[in-house]
Amino acid sequence: MCHSPTPPRRLHRPAGRRRARYPGHIARYAPRIYDMAVASEAMPLGNETGMTQQERAELGAWIKAGAKTR
């Protein structure tokens with residue numbers, strides 16, 4: 001919801017970020033995803049989705065291994 005092309009009016013996209021909809025987007029933004037979701041734990045905002053430490057570790061390992069989508 002937060003990164004959708006049309007977020008609710010009460011939300012905004014910091015730095016114009018949008019949800020990664022294609023594998024190329026994920027690979028392109030993997031370092032930023034790592035910084036926000038793994039290193040700083042700033043995302044998901046307020047941990048609204050309940051992301052676990054294990055999921056963060058797995059995401060970080062996947063990114064460090066090259067963020068391969070295929």
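Every number in this text was worked out from the coordinates using simple rules, so none of it is lab data. All of these numbers come straight from a predicted model, not from anything done at the bench. Counting neighbours? That spans all protein chains shown, and the Cβs are built from the backbone with ideal geometry, glycine included.
Just a few scattered comments:
- Student exercise, the range 21-64 dipole from Lys, Arg, Asp, Glu Cβ charges, in Debye to nearest 20: 240 debye
- Packing around the peptides 55-65, 24-34, taken as the average count of other Cβ atoms within 10 Å per residue, puts them in this order, highest first: 24-34, 55-65.
- Length gained when the stretch residue 32-residue 48 is fully extended (0.36 nm per residue, less Cα-Cα span): 3.8 nm
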